Amino acid sequence: MKRLPLIISVIALAGVVVLFVMNFTGNKNETASEAIKSSGPNSKDGLKIAYVQTDSVLVNYQLAIDLNDEFVAKQTQFNEDFTKRRSNLEKQAVAFQEKLQRGGFLTEERAMQERDRILGEEQEIQQLDYELSNKLSQMEREINVQIIDSIVGYVKEYNKKHNYDYIFSNNGNIIVGAQQHNITKDIVEALNNRYAKSNK
């Protein structure tokens, strides 16, 4: 499954969803742990709590899948271009070495010029590697932000109708959760419907 590296990095950022939603819902003066304690059997109000399986959302959300596929295609193209240039340079270096050993250069100056040209191309390839790595990192950051913004934006809209006091993310925050509080399926379906409509 080629989409795993990007999805893992998005999952790491998905904790932002929890902080963001908790910041904009529920009692601002009450911490999450105090809220959970107060939602026990003796609670008068009974807090409304739900959770989202973030990793499941990211694996099934079509926007995340499409952006990841786009990222993988770009990464593959960059790797192919880089490998082609690197292979070509290695061939030139071997040809230079062979020509030098058999005395194929008319002058020492001409041999040094060819050596300097190959070294210059080696530096260009190193620079290209650095630039491509930076482009991919930037693209990955932008994808992460776009996906998180989309999920957080929708969860806020979803919560206007359902009025949860807290919506948690399962990554690192929920060990056990009653299935009736799992809103992952609703979130994924709604996100995919919204994304499908935006592509028409």
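The values are calculated or read from the model by the stated rules, or taken from the named source; none is laboratory data. Everything numeric in this text was worked out from a predicted model, so none of it was measured. Cβ atoms come from the backbone with ideal geometry, glycine included; neighbour counts cover every protein chain shown.
Taken together, 146, 92, 180, 97 contain a single residue that is assigned to a helix (DSSP H, G or I), free of Cβ contacts under 8 Å to residues at least 12 places away in the same chain and farther than 19 Å from residue 49 by Cβ, which is 97. Entry remark, the stretch 124-174: residues being at negative phi, touching a Lys or Arg at 6+ places or on another chain (Cβ under 7 Å) and modelled with pLDDT under 90 number 2 in total. Apart from one condition, residue 95 fits all of (1) modelled with pLDDT under 90; (2) surrounded by 13 or more Cβ atoms within 10 Å (Cβ to Cβ); (3) over 26 Å from residue 179 (Cβ atoms); the exception is (1).
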